[in-house]
Amino acid sequence: MRWYLSIGAVLVAGLMMGGHVAGIAAPAQKSQLADNEDKVLVDVELVIAVDVSYSMDLDELAVQREGYAQAIVSKEFLQALKNGPNSKVAVTYFEWSASGDQKIIIPWRLVDGPETADAVANEIMKTPVRRGSRTSISGAINFAMPLFEENPYRGLRRVIDISGDGPNNSGEPVTGPREAALAKGIIINGLPIMVKEPSFSSTDIDNLDVYYEDCVIGGPGSFAVSIKDRDKFKEAIRTKLVLEIAGRTPERPTVPVAQQEPRVPCTIGEKLWQERWGR
């Protein structure tokens, strides 16, 4: 079973500052190391994939941006960064909505202390908020995977951090890209946003947290942090980023979606869209 966290379920400080470090992927094979000798060693290559679909209101989009910017410069994040074996991480940040709508906001940046963290946070905040139609988690994963091959860094872990407020309803079903990412040794973590009541005019579902756990996240130490209270938005983002940088979730075998019975159908978003919009 994957790790699933809600904000009230963890004491962030305790997780960040103590306990056994686990959930770190196995080191690359010798042939891979030879191919990447010129790359900068980092603890984590982190792709932050942020939902900007129209189901997110403008206030949520603004708070989400502020949450990531503030998390990266927080004392908890910087302490987790300092405690890593290389004391540096590589981060890129893109926004997504439909299957063909992804936009990189922050190209790959090295974060190794307060100054570089401030630079990334400022870059996030100065970019105008935008919105897009539909929700394609599969498109976000497909867009994220090549980013790891194109950067000048080599991390102990490769992580895609996906936030979203609804199930996949655009592009191919989410399970295919998810399994392709896991096969490459990429970890997928989730930030299901559940601050609004589901409405008939959308493909929102009540149990988005369960959907993310069973259909989206995967890989050693993967986890999801749900946001069910608008006031906890920024806290949730900080919790998630710090956990990802610290790598303090238990290591366990990957269980492909095809080998288990999801509690929520992984194509529920596509089915709801077809029922409500007929296409």
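Read-outs: derived from the displayed coordinates by stated rules, not from any lab. What you see is a predicted model; the values in this text were computed from it and never measured. Cβ coordinates were reconstructed from backbone atoms using ideal geometry, including for glycine residues, and neighbour counts include every protein chain displayed.
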The range 44-190 pair-distance distribution - Cα-Cα, 10 Å bins, rounded %: 12, 42, 35, 11, 0
Under 14 Å between alpha carbons, and skipping anything fewer than 8 positions from Lys184 in its own chain: which aspartates and glutamates qualify? Glu45, Glu149
Volume per residue that the Cα convex hull of the range 94-157 spans, once the total is divided by residue count, Å³: 96 Å³
What's the ranking of 112-122, 154-164, 231-241 by average number of surrounding C-beta atoms within 10 Å, highest first? 154-164, 231-241, 112-122
Cα-Cα over 32 Å: which of Lys126/Lys271; Lys39/Lys196; Lys75/Lys228? Lys126/Lys271; Lys39/Lys196
What are the residues whose amide H is under 5 Å from the amide H of Ile187, where those residues sit 5 or more places off or on another chain and H is modelled from the backbone? Arg158, Val159, Ile160
Explain nothing, just the number: relative contact order of the range 139-244, from Cα pairs under 8 Å at least 6 residues apart, as a whole percent. 27 percent
